[in-house]
Every structure is written in structure tokens, then in C-alpha cells.
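Presented below is the structure to which this report refers.
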Amino acid sequence: MPSAVKDFFDMSKASLISDHTSAMPGRLEHKVALITGAGSGIGLESSILFAQEGANVLLVDINLEGAEKGAAIIAQRFPNVKAVATKADVGKEDNIKAAVDLAVKTFGRLDIMFNNAGIMHPEDDNALNTEERIWDLTMTINLKGVWWGCKYAILAMRQNPTDESKGLHTGGSIINTASFVALMGAATPQLAYTASKGGVLAMTRELAMVHAREGIRLNSLCPGPLKTPLLMDFLNTAEKRDRRMIHLPMGRFGEAVELAKAALFLASDESSYLTGTDFKVDGGLSSAYVTAL
Ligand code: NAD
């Protein structure tokens, strides 16, 4: 539990005005982060940003090459922190457990778990056309993978040693990537994806309540449409991109780094009173009825 929060419960302290003594040069100084889907897009940008803010990072991806590239960038730019890449399939429980174990063995603790890996399968369709194997694959990676990530992160965070001088405490921050499609309907069907992300929102809220008094915060990150391979591989013609663009209030797709900045806020103690939220970073899309021309 951050000291500012502990002070709140310590009734012998009269003032609730923060003395800002917890302000540190890097917002994640001394902390350890595990990021899944770290080989591309949001996960890659978050790995680099978290390292820049002082965290040691375990970059996890089924695409080891991508994760290793991220670790190499961090090693080159931020020699004061450590970054390790490892291959894991978040759709396999033993892979996630091994990744969490590796983070704790390598860095001694786990403060931040960013369950970010996800897929949007090209054969995902409507209720009539989606095959069961596509549904099952999507659910296994996008929803079960997040459950397992939460499970092993919670077990590890309970064991975190406390060192108030470094702002370290038992517990931590878990961020689960959902999507704006879990909040609003779309006429372009991707049934399994949308349902899996709705599950992430519901599961994250419940876990946030169950673990709130252990100092473990859980929040969902809801990105809008982004310029990352996941969406751009799907919107592979100007016509398909323009069809979406008219609905985007800001007139542009989001950038992965804009999501990384939001994830950094959720990861750091700056969001110490935030848990159970659907944190939307969607350029206003989910507030739109019609958009400006
Ligand atoms: P991306 O395709 O750039 O990156 C996803 C990463 O996840 C890839 O490196 C991929 O190898 C990895 N991955 C896929 N399956 C995996 C598995 N089974 N185990 C481990 N790693 C795996 O995509 P992104 O846009 O950065 O997406 C990150 C998250 O954001 C996803 O959960 C996605 O659903 C969500 N999201 C993206 C958008 C968007 O428009 N791009 C919008 C809303 C939500």
C-alpha cells in the first residue's frame, strides 16, 4: 500500500494534504512490470515507456523476436534498468505461470501486470458464420489468458516485499486490455472478439472488488481503433479505413504510444485511488452520436 494511502487510514495524522514526498524521478522507479503482447503495438510501446520511467520489464510474447527487439531497444536507451524477453503463449496456463515465475526470479517481485496480448481473428464473424474453433481460440487467448494472468500476478503480488524507502509495497497494479467494442455495438461483426472483451471488463471489475483490500488494483484499458498491426492488417484498403474514419471524432486513428501513456498512469501510484474502471482511451469515439464533418 502506498504510504500516502496508509497515512489516510492512520487516524493519528490530522492532515490529509499530501506532502508530495513520494514524487520520484521515474514514475515506476524500483518497480517490476510484466507485459504480454510486448512484441508489437501497445505492449511494445508500454515496455519502452515503463522502462523509461524506471521499471525493470519482462517482455512476454508468442513472437519472441518482437519481444527481443523491444528488450534490445530498452537495453540501448535505458541502461539503468533491466529488460528480459521471453516466449509465452497466454492461451496456455503453464506458459503464464512460467512467465510470472521468471519475473519474480529475475527481478525479485512483481508490481505491474499488463495483460495486453490479444487477437482479432480474420475468420471471426457474426452469430451464423463464426466457427466454434474461432470462438474457442479467441476466448482462450483474449479472456482465459487474462484470467490466468490475473491469477498468477495476484499470487505473486501478495508476496511482494515492502520497502517504503523505495516506495515499494505488497500488492500491485493489474491492467487488462479490453476494447471500445465491449462498450458499444458495431455493425461489422466480430462476435468472439467483442464477447471476449466484454468478459475482460466484467471479470476485471469483479476481481478489483475482491482484491481491493489487499492493495491490488485492477483496471481495464479500453482502446479505440489504433494504427497497430492488429487493426491495420484487417483494414487493409483505403475504403475500409475511410469507412471507420467518419466515425472518429478526432478524424484519426489512435497511436499505440497514446495507450502506453494511459497504461503508465494505471501502472503507477499516481492512479492509487483507481480500481475497477473501464479506462477509455478512444479519442471520444464512445461518446459520439454523430461526429463533426
Ligand atoms: P498488435 O497486433 O500490434 O500486438 C499484439 C501482440 O500480441 C503481438 O505482438 C502478438 O504476437 C501478441 N500475441 C498474440 N497472441 C498471443 C498469445 N497467444 N500469447 C502471447 N502473445 C500473443 O496489437 P495491439 O493493437 O497492440 O493490441 C494489443 C491489445 O489491444 C489487444 O488485446 C487488442 O485486442 C487490444 N485492442 C487493440 C485495438 C486496435 O485498434 N489495435 C483496439 C482495441 C483493443
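The values are calculated or read from the model by the stated rules, or taken from the named source; none is laboratory data. Quantities reported herein were computed from a predicted structural model and do not represent experimental measurements. Cβ sites come from the backbone with ideal geometry, for glycine too, and all protein chains shown count toward neighbours.
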Which ones in the stretch 269-293 are more than 16 Å from residue 178 (Cα to Cα), part of a loop (DSSP other than H, G, I, E, B) and touching a helix residue (DSSP H, G or I) at 6+ places or on another chain (Cβ under 9 Å)?
272, 273, 274, 291
Within the stretch 185-219, take every residue that is free of Cβ contacts under 8 Å to residues at least 24 places away in the same chain and of a type in the set (S, T, N, Q) and give me the one that is farthest from the ligand (Cβ to nearest atom).
188
Unique residue being in a strand (DSSP E or B) and more than 24 Å from residue 196 (Cα to Cα) when the list is 85, 103, 156
85
Among 59, 49, the single one that is outside any helix (DSSP H, G or I), touching a helix residue (DSSP H, G or I) at 6+ places or on another chain (Cβ under 6 Å), under 19 Å from residue 257 (Cβ atoms) and not charged (D, E, K, R) is 59
Give all pairs with beta carbons closer than 9 Å in which a residue from the stretch 71-90 that is among the basic types (Lys, Arg) meets a residue that is in a loop (DSSP other than H, G, I, E, B); count only pairs at least 6 apart in sequence or on separate chains.
87/62; 87/63
Residue check, residue 82 against (1) more than 15 Å from the ligand (Cβ to nearest atom); (2) at pLDDT 95 or above; (3) farther than 26 Å from residue 257 by Cα; (4) of a type in the set (D, E, K, R), all met but one. Which one?
(3)
Which members of the stretch 223-249 meet the condition of being within 14 Å of the ligand (Cβ to nearest atom) and not in a helix (DSSP H, G or I)?
223, 224, 225, 226, 227, 228, 233, 234, 235, 236, 247, 248
Looking at the stretch 178-200, is at least one residue of a type outside the set (A, V, I, L, M, F, W, C) and under 14 Å from the mean Cα position of the chain (by Cα)?
yes
Go through 140, 170 for me and flag whichever is surrounded by fewer than 20 Cβ atoms within 10 Å (Cβ to Cβ) and either of a type in the set (D, E, K, R) or within 11 Å of the ligand (Cβ to nearest atom) (or both).
140
Please list, ordered by first then second residue, the pairs with beta carbon atoms under 8 Å, 6 or more apart or interchain, first in the stretch 220-231 and under 18 Å from residue 121 (Cα atoms), second surrounded by fewer than 22 Cβ atoms within 10 Å (Cβ to Cβ) and basic (Lys, Arg).
224/280; 225/244
Modelled with pLDDT of 95 or more and within 25 Å of residue 265 (Cα to Cα), is that true of residue 230?
no
